[in-house]
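Inspection log for the structure reproduced underneath, given as structure tokens.
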Amino acid sequence: MNSPAPSLIPALVPKAWLVVSLLWPVALLNYLDRQLLATMKKSIMADIPSIASDENFGRIMSVFMVVYACLSPIGGFTADRFNRRWMVIGSLGVWSIVTWITGQAHTFNELWWARAAMGVSEACYIPAALALIADFHTGPTRSRAIGVHQTGIYAGMALGGLGGWIADSSSWRNGFTGFGFAGVAYAVFLFFALPPKPPATAHAAGSVKVLPALKALVCAAPFLLLVVHFTLPAISGWVMKNWLPSVLADAFHLGQTAAGFAATLYVTLASLCGALLGGVAADRWMRHTERGRIYTSAVGVALMVPALVGIGYSPSLQVAIGFLICFGIGWGFFDANNMPILCQIVRPEYRATGYGLMNLVSTAMGAWVTTKMGALRDSGTPLPIIFGICAGTSAISVALVLLIRVKPAPDTALPAVPAEA
């Protein structure tokens, strides 16, 4: 393995964490833009009568996920083949413009197409961003760095709870317009501030080919197990993101503002803490066994199972909040370790493509579940049944992740960022 000259190593540590700090607001905006639609549901449906039903609203939310899912592997492959930095910056700029356009929609069809366009732009971000972080954070700090980045997602979801307040106090359109402008401005800043991929980790431009990449991924049993493990808990995750504000509002007779905050604040703050704790725990566990990240992920999903059952049977909002906190901590453990586990089973030049394929399967399933959730709610299906199904799929995932066999696959260029960084 070729290591860089010692004189480069001191500069590596701050730059590695600089990348995480610069991408953190992007992750926040990414999920804030997504969450606004769910927390503004009542106002949007009142303002756009052509939506008409919960099932149609589910279609609007699910079209984003279908497009996002289908294009995630393409976005990931493009990032692997060309430039991960440019994918991050470009996707932020485009999805921020689409966020502004969303606020101008006046019919079901216009809103549907705006959300479809959002899926196109956002499919490029997560695979490229996580692969870029993994390029800088090798070994001892990788789970921690990914976990810190993921806290930006949870912060964005928590701030998405402001959607109900914005809609009640002014207009739902103002939220999409304001955050769209903010995203464009930050994309300009990122153009100047975000460092490129470390030269020592860069493969030759155009060297990644479609068929070899697909063969290396889909023919590997550990990768296929990781895809399923990534997908099954995400079923409950998508239900939480897209339907929890409405579920809590109906179950506990809450207004739009109160339901938005209850559905986003507690679970996302718990997820934030869980991602930080899960990142630290996994990196420490890795000192004793190369399966440390797998075990940490399994513990996280195991926490989600009783939490989901409890949410379905909660007799009061306070009890539901307690279970939401338990779910959030488990989700954070799980979320902080998906890319680090992927890094243990695939080559560095296929990381973004691999994560894109994981997003394809997970988000496609989420789109189907989101639409069916609307139909189940229209038909009056009891919540214990809905959340019980979510708990069962998560329990299966715990067993599957423990079957994954990792192999030593050290990065070929950069030394590990010191653990104290």
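Only the coordinates and a few stated rules stand behind these numbers; no lab work does. Note that the coordinates shown come from a computational prediction; the quantities given were computed from them, not determined experimentally. Neighbour counts are summed over all protein chains in view; Cβ atoms, including those assigned to glycine, are modelled from backbone coordinates with ideal geometry.
Structural remarks
- Protection proxy ranking, peptides 226-239, 335-348, average beta carbon neighbours within 10 Å, highest first: 335-348, 226-239
- Here, the chain has an Rg and a Dmax of 20.5, 66 Å when only alpha carbons are counted.
- Summing Cβ point charges (Lys, Arg +1; Asp, Glu -1) relative to the Cα centre of the stretch 238-297 gives a dipole of roughly 260 debye.
- Gain upon complete extension [Phe181, Ala193; 0.36 nm per residue less C-alpha separation]: 2.4 nm
- Potential lengthening of the chain between Ser53 and Cys219 amounts to 55.5 nm, from the contour at 0.36 nm per residue minus the alpha-carbon distance.
- For the pair Cys273 and Ile385, label points projected 7 Å from Cα toward Cβ lie 3.5 nm apart.
- In this structure the amide hydrogen of Thr381, modeled in the peptide plane, comes within under 5 Å of no amide hydrogen from residues 5 or more places off or on another chain.
- When peptides 362-372, 125-135 are ranked by their average number of other Cβ atoms within 10 Å per residue, the highest-first order is 125-135, 362-372.
- The smallest convex shape that holds all Cα atoms of the stretch 344-401, its convex hull, gives 73 Å³ per residue.
- Dipole axis of the chain (+1 Lys, Arg; -1 Asp, Glu on Cβ), positive-most option in Ala298, Ala263, Ala187: Ala298
- Value of relative contact order over the chain, rounded to a whole percent, pairs C-alpha under 8 Å and six or more apart: 29 percent
- Positive minus negative residues near Ala213 (Lys, Arg vs Asp, Glu; Cβ under 11 Å): +3
- Angstrom value of the Kirkwood radius, inverse mean 1/r, which spans all Cα pairs in the stretch 102-205: 16.6 Å
- Rounded to the nearest 20 debye, dipole of the chain from Cβ charges on Lys, Arg, Asp, Glu: 880 debye
- Partner lysines whose Cα lies under 21 Å from the Cα of Lys42, excluding those fewer than 8 positions away in the same chain, are identified as Lys241, Lys372.
- Of Trp95, Trp331, Trp165, the one that fluctuates the most in a GNM where the chain has Cα springs shorter than 10 Å: Trp165
- Proximal aspartates and glutamates to Lys15, defined as alpha-carbon separation beneath 13 angstrom and excluding residues fewer than eight positions away on the same chain: Asp135
- Prolate/oblate/rounded label for the stretch 44-103 (Cα gyration tensor, a/c 1.5): oblate
- The packing ranking of peptides 256-265, 301-310, highest mean first, is 256-265, 301-310, where packing means the average number of other beta carbon atoms within 10 angstrom of each residue.
- Stokes-Einstein translational diffusion, the stretch 41-167 - Kirkwood Rh over all Cα pairs, 1.567 mPa s, 4 °C, in µm²/s: 80 µm²/s
- Extension gain (nm, one decimal) between Gln104 and Lys372, 0.36 nm per residue minus Cα-Cα: 93.7 nm
- Relative contact order, percent, the stretch 241-380 [alpha-carbon distance under 8 Å, six or more residues apart]: 27 percent
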